[in-house]
1. When you scan the range A:11-24, how many residues do you find that are more than 7 Å from chain B (Cβ to nearest Cβ) and either out of contact with any strand residue (DSSP E or B) (no Cβ under 6 Å at 6 or more places or on another chain) or closer than 14 Å to A:Glu69 by Cα (or both)?
2. Going residue by residue through the range B:31-49, is there one that turns out to be surrounded by fewer than 17 Cβ atoms within 10 Å (Cβ to Cβ), free of Cβ contacts under 8 Å to residues at least 24 places away in the same chain and in contact with a helix residue (DSSP H, G or I) (Cβ under 7 Å, 6 or more places away or on another chain)?
3. Can you tell me which of B:Cys406, B:Cys362, B:Cys366 is of a type outside the set (Ser, Thr, Tyr) and at pLDDT below 95?
4. Within the bounds of the range A:42-58, is there any residue that is modelled with pLDDT of 95 or more, within 17 Å of A:Leu101 (Cβ to Cβ), within 10 Å of chain B (Cβ to nearest Cβ) and surrounded by 22 or more Cβ atoms within 10 Å (Cβ to Cβ)?
5. Condition (residue is within 30 Å of B:Ala394 (Cβ to Cβ), not assigned by TED's automatic domain parsing to the domain that holds B:Asn133 and not aliphatic (A, V, I, L, M)) applied to the range B:305-317: is it met by at least one residue?
6. Do you know which residues across the range B:365-412 are within 11 Å of chain A (Cβ to nearest Cβ), in a helix (DSSP H, G or I) and either closer than 14 Å to B:Leu328 by Cα or touching a helix residue (DSSP H, G or I) at 6+ places or on another chain (Cβ under 6 Å) (or both)?
7. Would it be correct to say that A:Gly63 is touching a strand residue (DSSP E or B) at 6+ places or on another chain (Cβ under 6 Å) and within 25 Å of B:Ala191 (Cβ to Cβ)?
8. What's the total number of residues in the range A:67-84 that are more than 9 Å from chain B (Cβ to nearest Cβ) and of a type outside the set (A, V, I, L, M, F, W, C)?
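The values are calculated or read from the model by the stated rules, or taken from the named source; none is laboratory data. Here the structure is a predicted model, which is why all the values come from computation and not from measurement. So basically every Cβ, Gly included, is an ideal-geometry build from the backbone, and we count neighbours across all protein chains shown.
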Amino acid sequence: MTIDGRARKFGDHVNTDYIISSTRKRDTLDVSVLKQYLFESTHPAFAASVRPGDLIVAGRNFGCGSAMEIATTVILGAGIPAVLAESFSRTFFRNAINNGLIPIECDTKGIAEGQALSIEFIATGASVKNVTTGRTVAGAPLPGIMLSILSAGGLVPYIRANGGFQT
Amino acid sequence: MTRTGRTISEKILSTKCGQPAFAGDIVVCNVDMVIGTDASAPMAIDYFEQMGGTSVFDPSKILFALDHYSPPETNSTRALHERVRAFGERYGIEVLNVGDGISHQVVVERGRVRPGDLVVGADSHTVTCGALNLFATGIGSSDLAAAMMTGQIWLKVPETLRVTLTGWRPRGLSAKDVALALVGEVGAEGASYQAIEFEGPALAQFSLEERLVFTNLAVEMGAKTAMVPIDSVTEEYLKGRASPGWEPVESDSDVEYAREVTLTLGELSPRVAMPHSPDKVLLIEEAVGQPIQMVFIGTCTGGRVSDIHTALAVLSRWGGRVARGVQLVVTPASADVRARLEADGSLAKLTAMGAVITTPGCGACCGTSGVIPGDGMNVISTANRNFKARMGNATASIYLASPAACAAAAATGKITDPR
């Protein structure tokens, strides 16, 4: 599988409240509505400029703070299939896997806003090619259970298929 | 390398997965308590139904709290509550009412979680429960749905960061100051994916309520869980709350920790976390004088009885009035906290001084209910997060500090050293 998309660059410590404000999820859990508020506090122009297929590229500790899962589903709702970051907060990482949003831990320093990326998925992880610069970096491999959940499309289809966790 | 000594996390997760487990292993564990809130359970209920769920593993081990929208102020939040109540009724799950309090505060004070337990909660501050010598971690709504259905969760066994507390506590040093000093030193992701064990000879100088502040702020360093060993303080707290039959869990003496940090209490002093990150921690002296328009005393960090007693004492000492132009909002962490503060007259005194007392729950912490700061306001709060827009207004600036420092700011209208 290959995913091609445009890099949308963010910094370090992007917390889940910055992804989608806690106050917004009071009104609806419908991501087709909530996506217009994506990153509204820190990047007010983002929601209007995001295109389906865009890729979030961030620094360290992406998704820190609240464990609210809506932060991953709103990103998916905006048509963003994967998030690349130097490191992730553990709750965001879990929630991403559980919803089929692909989290790729890799060196993102050489990627700039708007550059074209091509991500190829191999047996254990991802290979990220910056088409603009020609540079390729490897994503950290995922443990087996995470790969199983992600390849099932998330925890809902995984549990529906298996009836529980496979040990 | 052969490893024999085991950490508290390794011991608890070994028991819960039925095999020896060490840091780095991925294990499927049986859970003892599953917690959902009005902010996370509605999505989990959708997922539970999509998973094909028709029964829950054990309704007595699941609890829902209506704490984030407390009380619901809109038709849509009211509808979320009704959805949680209906699911609870259908499957025999207890649903705490509006005003009963914050989920992780209530399970601790009612003895619903006990030493050695594995607790998962769809609220990142579920880690707070670890002060009772257990493994508690925050999860999202998918994991909540699967845990309700199967009674299980997969976990990577964390490495452990040991924090040793030594020395004697100077007058005016709060648990929040100690915790903020630690967050400042370790950083916002310095304990990422790790467990934090709080230990050391100085731990005995902190009450159970104060230890809950230590474990609460662990997640602000990225930690997966945090815990405290059992001593007479824990045993005294558990008496009359938790049913007997629990066993203390201690780290072995030959454990190799991923990292060790020692905090010498005599070298610490009041702290403030500056906007907009909990790890931007300064000595309070460096922030003194900053004008303040709103003060929030509450939350799962700073809304317990001793916090509000401290705030009341400081306010009394600093003139007994909330300063003109300052709004002081006090939100007890639970109905039990509120009842005790009503019974001893504290809430009446605070009201007379100009405070607004609001419904127990998460309150103004994350902008989901209660008072929202106005444009450009400076807020000082006993909470744990000060991200931009956290309290519902992106133009407000939030400072985090101890209940004493917050009360001193309420009395003076500016950041003030409470000593």
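1. If we filter the range A:11-24 for residues that are more than 7 Å from chain B (Cβ to nearest Cβ), which is where we start, we get A:11-12, A:14, A:16, A:19-20, A:24.
Now restrict to residues that are either out of contact with any strand residue (DSSP E or B) (no Cβ under 6 Å at 6 or more places or on another chain) or closer than 14 Å to A:Glu69 by Cα (or both): A:11-12, A:16, A:19-20, A:24.
Qualifying residue count for the region: 6.
2. No, the range B:31-49 contains no residue that is surrounded by fewer than 17 Cβ atoms within 10 Å (Cβ to Cβ), free of Cβ contacts under 8 Å to residues at least 24 places away in the same chain and in contact with a helix residue (DSSP H, G or I) (Cβ under 7 Å, 6 or more places away or on another chain).
3. Values: B:Cys406 fails: at pLDDT below 95; B:Cys362 fails: at pLDDT below 95.
Among B:Cys406, B:Cys362, B:Cys366, only B:Cys366 is of a type outside the set (Ser, Thr, Tyr) and at pLDDT below 95.
4. Checked against the condition, which is being modelled with pLDDT of 95 or more, within 17 Å of A:Leu101 (Cβ to Cβ), within 10 Å of chain B (Cβ to nearest Cβ) and surrounded by 22 or more Cβ atoms within 10 Å (Cβ to Cβ), the range A:42-58 yields no hits at all.
5. Checked the range B:305-317: at least one residue is within 30 Å of B:Ala394 (Cβ to Cβ), not assigned by TED's automatic domain parsing to the domain that holds B:Asn133 and not aliphatic (A, V, I, L, M).
6. Of everything in the range B:365-412, just one residue is within 11 Å of chain A (Cβ to nearest Cβ), in a helix (DSSP H, G or I) and either closer than 14 Å to B:Leu328 by Cα or touching a helix residue (DSSP H, G or I) at 6+ places or on another chain (Cβ under 6 Å) (or both), namely B:Cys365.
7. On the way: touching a strand residue (DSSP E or B) at 6+ places or on another chain (Cβ under 6 Å): yes; within 25 Å of B:Ala191 (Cβ to Cβ): yes.
Yes: the conditions hold for A:Gly63.
8. Result for the range A:67-84: 3.
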